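The values are calculated or read from the model by the stated rules, or taken from the named source; none is laboratory data. As the structure is a prediction and not an experimental result, all values here were calculated from the model. In this analysis, Cβ positions are derived from the backbone assuming ideal geometry, glycine residues included, and neighbour counts consider all displayed protein chains. Heads up: the accessible areas ignore ligands, DNA and RNA and are worked out on the full protein's heavy atoms, side chains in. Shrake-Rupley method; radii C 1.70, N 1.55, O 1.52, S 1.80 Å.
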Amino acid sequence: MKLTLRVWRQKNADAEGAMSTYQVDRISSDMSFLEMLDTLNEELILNGEDPVAFDHDCREGICGACSLVINGDAHGPERTTTCQLHMRSFEDGDTIDIEPWRASAFPVIKDLVVDRSAFDRIIQAGGYVTAPTGAAPEAHATPVPKPDADFAFEHAECIGCGACVAACPNGAAMLFTSAKVNHLNVLPQGAPERETRVLDMVGQMDAEGFGGCTLAGECATACPKGIPLVSITGMNKEWLRATRKAGKR
Amino acid sequence: MARTVWDSSVGKKTVMAVSGLIMLLYLVVHMIGNLKIFFGAGEFNHYAHWLRTVGEPFMHYEWTLWLVRIVLVLAVVAHATSAYQLSRRDIKARPDKYVHKKPRASYATRTMRWGGIILALFIVWHILDLTTGTVHSGGFQEGHPYQNVVDTFSTWYGNVIYVVAMLALGLHVRHGFWSAAQTLGVGSRARDRALKTVANVLALLLTAGFIAVPVGVMTGVVS
Ligand code: HEM
Ligand code: SF4
Ligand code: FES
């Protein structure tokens, strides 16, 4: 395949960025999107140019490191991560626009790499359980009803990639935060911090400068893990419950 | 607790949902009341007079009406303030647009802010037109709402302003009702279809019911 790439290039956080155009040739349709970018970078390096910086790690759709807005879609046209997107989703001769996640809470560090540590701080605010550490407890020690286990697991699938923020017209982190809140709040292990978790995580989300939810639904469409829009409804419910309880105390 | 709610983006959205639902409830009642215009001047004017005597003898003349007005003003102010502040926050959170543009979200979703501004302007015009009579076309008569309504819808601009606002209202309610359910945490996968259907039916009934009045005047059914 022969492709024209228009890639966002930006030297560093303070520099002005712009789209640069590159041609790549001899791309196999079996390559992943990131392998296609590797091919471009090898060429750039051979020509003595600065390679395009982009995030990646596992390349198997589980770590959440890869990002990229491809032709206006976070993670591109398929419902998967950019690392699991293959070039067969494109046509020979296509022009592909590649941009970084856009949100003021995710500032660009270089080219296509953005700083997602705001997500880490949301997790630090309450996305954990205070469990005694040591050997793994006996699996049947704490019974969990099957529907609750399924619900928790569905939300535990979130890999923290930030596509939801990138896709949201308000740069909101509601889907990510709701995935984490719902995952832990439904489980007995998460019960002791059920109220503080949702209040503190939403508080941190606001403090990081993410926008609010207008229920446009773009996040759930972009999410490679299929976290549903009703997760946000669930978090709102948890937040209202926690606020009412805090008011009574 | 009030502080916690107002300082949080989720809490402020709750204020927007509750105030929106209060206005929505009022509008359903208001729309049904307006339809009495099709039963003639006597019945319509009598209805308007009754609005002032609701709750008597416990309430004094117009007390109930003023109570409703105060609740509505509070709802409009709370709704518009939270909408403004949340919109400011949203725009600030996404300062850089994507170079590659795509059509996004549904029409009703994308028009919430503009629709809201149209509704705010409409509310001001509507009160100055038919409540106070300040901008009314042709002598406004206190206590003769039937004639006042006919006068308003005998002007082209009266019809245009009204119909545009009611279309905006329909779109606003279509997304707003369903949104409010999510904001208040009562939406769910099982209830989603039902909520969307209720939102569409409410939007359609409100818009059609309100627009029936100017159409009635324009076609001479009401004169
Ligand atoms: C003063 C004029 C108004 C303004 C400026 C305004 C503005 C807005 C805005 C910006 C939103 C948020 C939209 C979004 O989530 O994307 C909204 C939501 C809403 N509005 Fe209004 N609106 C106005 C009047 C009304 C009226 C008259 C009603 C009554 C039917 C109403 C009912 C609602 C409801 C139910 C919501 C949903 C709240 C939620 O998302 O939880 N609004 N409004
Ligand atoms: S909710 Fe989905 S899109 Fe958002 S961070 Fe988690 S996996 Fe990524
Ligand atoms: S690189 Fe790990 S999910 Fe894509």
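Data overview
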| read-out | value |
| --- | --- |
| Helical mean residue ellipticity (222 nm; -39500 (n - 2.57) per DSSP H run of 4+; nearest 500) of chain B | -24000 deg cm²/dmol |
| Within the stretch B:2-218: Cβ-based charge dipole about Cα centre, in debye rounded to nearest 20 (Lys, Arg +1; Asp, Glu -1) | 1580 debye |
| Gaussian network model of chain A, springs between alpha carbon atoms under 10 Å - residue of A:ALA135, A:ALA65, A:ALA13 with greatest fluctuation | A:ALA135 |
| Cα centroid separation, the stretch A:166-245 to the stretch A:122-155 (Å) | 17 Å |
| Dipole of the stretch B:2-218 [Lys/Arg +1, Asp/Glu -1 at C-beta], most positive-end residue of B:TRP63, B:SER9, B:THR207 | B:SER9 |
| Distance between modelled label sites at A:ALA13 and B:LEU74, nm, 7 Å Cα→Cβ extension | 4.6 nm |
| Cα-Cα over 29 Å, subset of A:LYS225/A:LYS245; A:LYS146/A:LYS245; A:LYS2/B:LYS92 | A:LYS225/A:LYS245; A:LYS2/B:LYS92 |
| ³J(HN,Hα) computed for each position of the stretch B:18-27 - Karplus, 6.51 cos²θ - 1.76 cosθ + 1.60, integer Hz, glycine/proline x | 5, 5, x, 5, 4, 5, 4, 4, 4, 5 |
| Euclidean distance between Cα centres, the stretch B:166-195 to the stretch B:43-100, Å | 18 Å |
| Order of exposure, largest accessible area first, which applies to A:TYR22, B:TYR84, B:TYR61 with probe 1.4 Å | B:TYR84, B:TYR61, A:TYR22 |
| Listed residues A:VAL108, A:VAL165, A:VAL144, most fluctuating in chain A (Gaussian network, C-alpha, under 10 Å) | A:VAL144 |
| Net dipole in debye of chain A [+1 Lys, Arg Cβ; -1 Asp, Glu Cβ; about Cα centre; nearest 20] | 1400 debye |
| At least 18 Å along the helix axis (C-alpha) and Kyte average at least -1.0, DSSP helices within chain A | A:33-46, A:194-207, A:230-248 |
| Dipole axis of the protein assembly as shown (+1 Lys, Arg; -1 Asp, Glu on Cβ), positive-most option in B:VAL150, A:PRO77, B:GLY187 | B:VAL150 |
| Only Lys, Arg (+1) and Asp, Glu (-1) charged, at Cβ; the protein assembly as shown dipole about Cα centre in debye | 1640 debye |
| Cross-link table A:LYS237/B:LYS12; B:LYS101/B:LYS196; B:LYS13/B:LYS102, entries beyond 21 Å C-alpha to C-alpha | B:LYS101/B:LYS196; B:LYS13/B:LYS102 |
| Selected from A:GLN204, A:GLN189, A:GLN84 as most flexible by GNM, with chain A as the system and alpha-carbon contacts under 10 Å | A:GLN189 |
| Förster radius 22 Å - calculated FRET efficiency between B:GLN147 and B:TRP66, Cβ distance, rounded to 0.05 | 0.35 |
